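The values are calculated or read from the model by the stated rules, or taken from the named source; none is laboratory data. Values in this document were obtained by computation on a predicted structure and should not be read as measured data. Note that we place each Cβ from the backbone using ideal geometry, even for glycine, and neighbour counts take in every protein chain shown. Areas reflect the complete protein model, heavy atoms only, side chains present, ligands, DNA and RNA absent. Shrake-Rupley method; radii C 1.70, N 1.55, O 1.52, S 1.80 Å.
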Amino acid sequence: MTAPAYLSRQGEFHPDPSLLVVPPEDRERFQRLAGRPLDLSLTPEDRTTAFRQVRAYMAGLVSRPGPGVLGALAREHGDEATVDELAAIGHLMLLAGHETTANMLSLGTLALLRHPGQMRVLRERPDRVDAAVEVLLRWLTVVNAASPRVTTEPVELAGRRLPAGELVLVSLSAANRDPAYVRDPGDLDLTRGEAGHLAFGHGVHHCLGAPLARAELRIALPALLRRFPRLRFADSTAGVRLRPGGLVHGVTALPMAW
Ligand code: HEM
C-alpha cells in the first residue's frame, strides 16, 4: 500500500506543502476568492458573502478528505468535530498561516528592492537574517490590527475612560511605528536590531504560528537573494500593485527581472 502524501517513508508526519490540498483546477478561483473577505475596499455585505463562499468551499474539502493536513484532520478527528468546525480550522489555517507569510515574503521582497542598500546588507551578511526578519516584521506589520478584545473592567487608555464590555481594536501598525517606542520608525535599517515588536500581537492570543513564520522568512529571503543575484524590478516600480486597503497588507503584482 502506498503511504499517504503526508507521511514520509519513515512514517514521520510530513504535511503536503499545500496543506489544504486545493485541487489544481480550482486554485486560481480559490486564491481570488480567499483574498476577498480581507479586502476592505469591498462592502461589508460583499465581504460576508465571500467569507461564506470560502467557508462553503472548505466544507466541501473536508467532506472529501484528500492528502495534507486538512484531510488528515478530517480522517482522524472527523467523528470529534463537525464539518463546520473542520471548515473553520481550514479557513483559519489559510488566513493565519498562508495569507500572512505569503504577503510578508512578497512585501519583504518589495521592501528590499526599494532599498538596494538593505538588500546588499542581507546578501552580504546572511548570518544577520534573524535580526533583519524582526526589522521587516515590524516595519511591514502585514496584519493591521490584533484580534478584537473586550474590556472586562473599566479602564483608562490614552486619557479616555472605557467602560467594561467595550470592544477594543488595537492597531498593530500604529504601535509598531510609534516614535515614542521606536527611533525613526519609518526608516528601514536591517542592521539596527529590534527591541521587540507587536507584529505577532501580544498576550494569550499572540500568534501561534510565529516560530513557523520566522523560520519560513529566515530561510526564504536569503535563498531568494542567493538564487537570483541580479533580482530587480522589471520596470522600475511601474507594475507594482498593492492590495487595496486590507486587514492583511499585500501585493497583487510585483513584476521582477533577474
Ligand atoms: C509573518 C507571518 C504572520 C504574522 C505577521 C502573524 C500575525 C498574527 C497576529 C497579529 C495574530 C493576532 C494576535 C493577537 O490578537 O494578539 C495572529 C494570530 C494567530 N496566528 Fe499568526 N501570523 C503569522 C503567521 C502565522 C502562521 C504561519 C500560522 C500557522 C501556521 C499562524 C497562526 C495563527 C493562529 C492560529 C492565531 C490565533 C491565535 C489565538 O487567537 O490564540 N500565524 N497572527
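Residues whose amide H falls under 5 Å from that of residue 233, counting only those 5 or more places apart or on a different chain, are 257, with hydrogens built in the peptide plane.
Note that region 179-194 has calculated 3J(HN,Hα) couplings of x, 6, 10, 10, 6, 6, x, x, 7, 9, 9, 5, 8, 6, x, 9 Hz, one per residue in order, obtained from phi through the Karplus relation 6.51 cos²θ - 1.76 cosθ + 1.60 (θ = phi - 60°); glycine and proline are x. With both bridge residues required to lie in the chain, what share of the DSSP beta bridges run antiparallel, to the nearest 5%? The antiparallel proportion sits near 95 percent.
The Cβ shell under 15 Å around residue 240 holds other residues with a net charge of +3, Lys and Arg each +1, Asp and Glu each -1. Diffusion of the chain by Stokes-Einstein, at 25 °C in a medium of 0.890 mPa s and with Rh set to the Kirkwood radius over alpha-carbon pairs, works out to 119 µm²/s. From most to least packed by mean Cβ count within 10 Å, the peptides 252-258, 131-137 give 131-137, 252-258.
Can you give me the Cα centroid spacing of region 62-82 and region 185-222 in angstrom? Cα centroid of region 62-82 versus Cα centroid of region 185-222: 31 Å apart. A 1.4 Å probe run over the protein chains yields, for the chain, 60 Å² of accessible area per residue, whole-number rounding. Size descriptor for region 60-176, Kirkwood hydrodynamic radius: 18.0 Å (Cα pairs only, one decimal).
With the highest mean first, a sort of the peptides 83-91, 104-112 on other beta-carbon atoms found within 10 angstrom per residue produces 104-112, 83-91.
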